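Single-structure report; data block below.
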Amino acid sequence: MDKTEKQQRTMNFALRIIKLYTVLTEEKGADRDVIGKQLLRCATSVGANYRAACLAKSRADFLNKIKICEEEADESEYWLELIVRANLMPAMQLKPLREEAHAIASMMAAAAKTTRESSL
C-alpha cells in the first residue's frame with residue numbers, strides 16, 4: 001500500500017468515526033459525549049499524524065510520527081471496545097470499525113519496524 005492509499009484509508013477511517021460520533025451522541029448522556037469525543041479526537045488524529053509523517057524531515061521524525069499514528073489507532077480501538085462494553089452500541093455494529101482501527105495500528109507498527117530496521 002503506497003502513501004496515498006494510506007492517507008485515503010486513514011481519512012476514510014476518520015470519516016466513519018465522525019458518522020459514528022453523530023449516531024452515538026444522538027441519545028443524551030455524559031458517558032456518550034465524553035467517550036464519543038475521546039474517540040473522535042484520537043481517530044481523526046491518526047490521519048493528521050500520518051500526513052505529518054509523510055512530510056517528516058528525518059527518519060527519527062518519521063518514526064516518532066508513525067508511532068503516534070499507531071498509538072492513536074490503538075486508542076481508537078480501545079474507545080470502540082469501551083462503547084461495546086458499556087452497552088452504548090452493539091458489538092456487531094462496531095466490529096468493522098474495531099477491525100479497521102486494529103489494521104491501521106498494525107500497518108503503522110509495521111512501518112515503524114521497517115523504518116527502524118532500515119536505519120541499522
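Rule-based calculations on the coordinates, nothing more; no lab input. Remember, predicted model here, so these are calculated numbers, not experimental data. Please note: Cβ atoms are built from the backbone with ideal geometry, for glycine as well, and neighbour counts cover all protein chains shown.
With a cut-off of at most 13 other beta carbons within 10 Å, and DSSP calling the residue loop, which trypsin sites (Lys or Arg not before Pro) in the range 26-120 qualify? Please list them. Present the calculation step by step, with values, prior to reporting the outcome.
Working: sites: Lys28, Arg32, Lys37, Arg41, Arg51, Lys57, Arg59, Lys65, Lys67, Arg85, Arg98, Lys113, Arg116; in loops: Lys28, Lys57.
Those that pass, being in a loop and sparsely packed, are Lys28, Lys57.
Apply the Karplus curve 6.51 cos²θ - 1.76 cosθ + 1.60, θ = phi - 60°, to the phi angles in the range 6-11 and return the couplings in whole Hz, x for Gly and Pro.
Values per residue, Gly and Pro as x: 5, 4, 5, 5, 5, 5 Hz.
Only four residue types carry charge here, +1 at the Cβ of Lys and Arg and -1 at the Cβ of Asp and Glu. Report the dipole size of the range 43-120 about the Cα centre in Debye, rounded to the nearest 20.
Values: 10 positive and 11 negative charges, 52 e Å.
It comes to approximately 240 debye.
Report the net charge of residues surrounding Lys3, where surrounding means a beta-carbon distance below 15 angstrom and charges are Lys +1, Arg +1, Asp -1, Glu -1. Before the final figure, lay out the partial values.
Working: positive: Lys6, Arg9, Arg51, Lys65; negative: Asp2, Glu5.
My count for the surroundings of Lys3 gives +2.
Hey, in the GNM for the chain with a 10 angstrom Cα cutoff, which one of Ala105, Ala73, Ala91 fluctuates hardest?
Ala91
Using Cα positions and a limit of under 30 Å, work out the lysines in reach of Lys28, with same-chain residues fewer than 8 apart set aside.
Straight-distance partners of Lys28: Lys19, Lys37, Lys95.
Under 15 Å from the Cβ of Ala105, count the other residues' Cβ atoms, weight Lys and Arg +1, Asp and Glu -1, and hand me the total.
Values: positive: Lys6, Arg9, Lys65, Lys67, Arg98, Lys113; negative: Glu70, Glu71, Glu72, Asp74, Glu75, Glu77, Glu81, Glu99, Glu100.
That works out to -3.
Give the label of the value calculated from the structure for log10 I(q)/I(0) by the Debye sum over Cα atoms at q = 0.10, 0.22 Å⁻¹, choosing from [x] -0.31, -1.15; [y] -0.34, -1.23; [z] -0.29, -1.37.
Given [x] -0.31, -1.15; [y] -0.34, -1.23; [z] -0.29, -1.37, the calculated one carries the label [x].
Find which of Gln93, Met108, Ala43 sits farthest along the positive direction of the dipole of the range 3-118, computed with +1 on the beta-carbon of Lys and Arg, -1 on that of Asp and Glu, about the Cα centre.
The residue sitting farthest along the positive end of the dipole is Met108.
Just add up the charged neighbours of Asn12: K/R +1, D/E -1, any other residue whose Cβ is under 12 Å from the Cβ of Asn12.
Details: positive: Lys6, Arg9, Arg16, Lys19; negative: Glu5, Glu100.
With Lys, Arg at +1 and Asp, Glu at -1, the net is +2.
Hey, which lysines would be in cross-link range of Lys6, C-alpha to C-alpha under 16 Å, not counting anything within fewer than 8 residues on its own chain?
Answer for Lys6, where 16 Å is the Cα cut-off: Lys65, Lys67, listed by chain and number.
Give me the distance between the Cα centres of the range 70-119 and the range 34-57, rounded to whole Å.
Answer, in whole Å: 12.
Calculate the dipole size of the range 1-68 relative to its Cα centre from +1 charges on Lys and Arg beta carbons and -1 charges on Asp and Glu beta carbons; express the result in debye to the nearest 20.
Values: 14 positive and 7 negative charges, 66 e Å.
Computed about the Cα centre, the dipole is about 320 debye.
Grab the DSSP H runs of the chain that are 4 residues or longer, score each as -39,500 (n - 2.57), total them, divide by all residues and round the 222 nm result to the nearest 500 deg cm²/dmol.
On the way: 4 runs with 102 residues, N = 120.
Dividing the helical sum by the residues of the chain leaves -30000 deg cm²/dmol.
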